[in-house]
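One structure below.
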Amino acid sequence: MKQITDFENKKVLVLGLARSGEAAARLLVKLGAIVTVNDGKPFDENPSAQALLEEGIKVVCGSHPVELLDENFELMVKNPGIRYDNPMVVRALEKGIPVWTEVELAYLVSEAPIIGITGSNGKTTTTTMIADVFNQAGRTGLLSGNIGFPASEVAVKATADDTLIMELSSFQLMGINDFRPHIALITNLMPTHIDYHGDFDGYVAAKWNMQNRMTKDDFVVLNVNQDLAKELAHKTQATVVPFSTTEQVDGGYLADGTLYFKGEAIMQASEIGVPGSHNIENALATIVVAKLSGISNQAIKEALSAFGGVKHRLQYVGEIADVKFYNDSKSTNILATQKALSGFDNATTILIAGGLDRGNEFDELVPDIEGLKLMVVLGESAHRVKRAAQKAGVPTLDAKDVADATRIAFENAQAGEVVLLSPANASWDMYKNFEIRGEEFITSFEELKLQNSNS
């Protein structure tokens, strides 16, 4: 960790806890700051706040009193999920107090170079792929950021011989100032989190913040399958390196089933350890980052061939009686499910779909589900998903929840077929999050496997 003095005796308010807030508070104290933590959860239900208080950090819990900002704070570090129209954030900005997220702190103290990965879809898978490639090559790639390891916590332990492989959300990237990765990757940009950002332009601007401080000595890696990426390529001082599955570019590209980097064949697309056209894009992005980092073709090929996916993101769960099960609970929108389906033969695939009803129809999904053996539908949006299935000529069966859907799918599957959970919907009608939904699928698979082995 870099020894910096910027925060000595500075009054800093950490707004919102969770793991990133805890990590930020501890780091700031280590850097000599006078820290106050404010979290909405009551103190007696708040183990994180209790732990910080025991460490001598001032905590204010149970509400967000705006008058707290009259205490002459010089900086606010907020939880990324707290919106900018929150009264505490509004008041801080009115008072001219900088508002950061903890990834800025991570950058300031990190001895390790940073590779920043963001995008609408595929960023967790690509982040994990990149870390796997680094580690396969004998280089220490440390997962950090939005992937579940607070960036500031990881940065404290990183050395100059390590590399921070940092997944970054648009929420985190709105709260940076000097943050400068050596390589910035944007997997793709789709209309997402519009309720937070106001519109798509605001969302794109948040993502694009990542390259604000970069120079020609740094690299921005862009998916030029998208025209938007081609436009953005002209709006950065960094050196742009593209990747594409549709055209030969001066970077990473797919041609005749082979993945290339600047004319050099790296591996066959069929050798990637996970299916789907989107994973070819993820692999190409990984290849570009790896080659820019001086990693050998052999290490890249070995890591990507062995890659088994990320939990809940087109994760191969296992097989029962030669029926394969894939958990893609993270597919909370139509685009993600379209990409998942691209990796399978529809004629031998049973799709489990449905969830939170946001009022949208699923006509966009019709071409992608045509020819499916069966769809098992569930949740509030089941009636809308069924309408799309009817238009595509796909039979449907109803299920009450994921466990029921998994059982129904298996009962209707034959050897050589696939059961795919890829809901195309958020989970919140039945489940607290997509992880819990995916865990129910995995548990149901394990129960079916046990029953089948005992029969």
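The values are calculated or read from the model by the stated rules, or taken from the named source; none is laboratory data. Quantities reported herein were computed from a predicted structural model and do not represent experimental measurements. All Cβ positions, glycine included, derive from the backbone under ideal geometry; neighbour counts span all protein chains shown. Calculation scope for accessible area: heavy atoms of the full protein, side chains included, ligands and nucleic acids excluded. Shrake-Rupley method; radii C 1.70, N 1.55, O 1.52, S 1.80 Å.
Tabulated values for the structure
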| read-out | value |
| --- | --- |
| Ordering of 437-443, 90-96, 44-50 by packing [mean C-beta count within 10 Å, highest first] | 437-443, 44-50, 90-96 |
| DSSP bridge pairs, the chain: antiparallel proportion in percent, nearest 5 | 20 percent |
| Contact order normalised by residue count of the chain, Cα under 8 Å, 6+ apart, percent | 10 percent |
| Between region 370-417 and region 306-365, the Cα center-to-center distance that results, in Å | 12 Å |
| Paired Rg and Dmax values of the chain, which use every Cα atom, in angstrom | 23.2, 70 |
| Cα principal axis extents for region 114-239, largest first, Å | 40, 30, 26 |
| Accessible area per residue in Å² at 1.4 Å probe, computed on region 103-306 | 36 Å² |
| Cross-link reach list, aspartates and glutamates versus residue 207, counting only Cα pairs under 18 Å and skipping chain neighbours closer than eight places | 102, 104, 167, 178, 195, 199, 218, 227, 231 |
| C-alpha center-to-center spacing [region 6-39, region 87-101] in angstrom | 15 Å |
| Helix-derived mean residue ellipticity, 222 nm - over the chain, DSSP H n ≥ 4, -39500 (n - 2.57), to 500 | -10000 deg cm²/dmol |
| Percent breakdown of C-alpha pair distances by 10 Å bin, ordered from the shortest bin, for region 1-98 | 16, 52, 29, 3 |
| Gain upon complete extension [residue 55, residue 90; 0.36 nm per residue less C-alpha separation] | 9.7 nm |
| Carbon plus sulfur fraction of accessible area for the chain, probe 1.4 Å, in percent | 48 percent |
| Rounded Å value of the spacing that divides the Cα centres of region 56-80 and region 234-298 | 45 Å |
| Region 315-454: C-alpha pair distances exceeding 27 Å, % | 10 percent |
| When each of 41/157; 311/400; 58/330 is checked by Cα-Cα distance, pairs over 31 Å | 58/330 |
| Order of exposure, largest accessible area first, which applies to 166, 1 with probe 1.4 Å | 1, 166 |
| Integer Hz, Karplus 6.51/-1.76/1.60 couplings in order for region 294-305, x for Gly and Pro | x, 8, 6, 4, 4, 5, 4, 4, 4, 5, 6, 5 |
| Solvent-accessible heavy-atom area per residue, rounded to whole Å², over region 315-454 at 1.4 Å | 42 Å² |
| For region 103-306: relative contact order, % (alpha-carbon pairs under 8 angstrom, 6 or more apart) | 21 percent |
